[in-house]
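To start, the structure itself, in structure tokens.
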Amino acid sequence: MSELSITHHQSQEPENALPSQGQLALAVRAQLLAISSFKKGQEKTEEDWAEVDRMSAELATLRDQLDEARTRGRDDEETMSMPVGSLNLSERPAEVLARAQINTIGQLVEKSGDDLLSMTNMGQKAAEEIVLQLDLAEVSHSIEVL
């Protein structure tokens, strides 16, 4: 069986340092990808299913940590008044948000994942990019598009 788990590398930070929102978001996406691509088309053994269970438990822990990181993220007035363009979004999500007249980060974080996905020309990948960029910028939000 091939090892699909995501290993966490030790950094120079103190042991009790909490991972950033961006680090957690990337780890969640990596675990989801690993689980979804897990030996597609091959017969699964008991060991394989145990590995999926272990990865699912780790994913649940990572999601809990991400939720905690999001609640302690940046949500001050200055951050909420920053333009959406400061998130360094690619062309499609930036244009969709502009057409929807979402100009500030504050306006954006008021939306739900369903709100984003219902916008004209907003696809799953574009919505995921928005969430990832918010996480990397450590902006508090509750947008879920997974």
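Only the coordinates and a few stated rules stand behind these numbers; no lab work does. No experiment lies behind these values; they were computed from the predicted model shown. Heads up, the Cβs are rebuilt from the backbone with ideal geometry, glycines too, and the neighbour counts pull from every protein chain shown.
With the highest mean first, a sort of the peptides 97-107, 48-58 on other beta-carbon atoms found within 10 angstrom per residue produces 97-107, 48-58. Which one, Gln133, Asn121, Ile102, is farthest towards the positive end of the dipole of segment 77-136 when Lys and Arg carry +1 and Asp and Glu -1 on their Cβ? Ranked along the dipole, the leading option is Asn121. Taking the Kirkwood radius as Rh and the Cα radius of gyration as Rg, segment 77-136 has a ratio of Rg/Rh equal to 0.91. Annotation: amide H-H contacts under 5 Å for Val139 (H modelled 1.01 Å from N, sequence separation of 5 or more, or interchain): Arg74.
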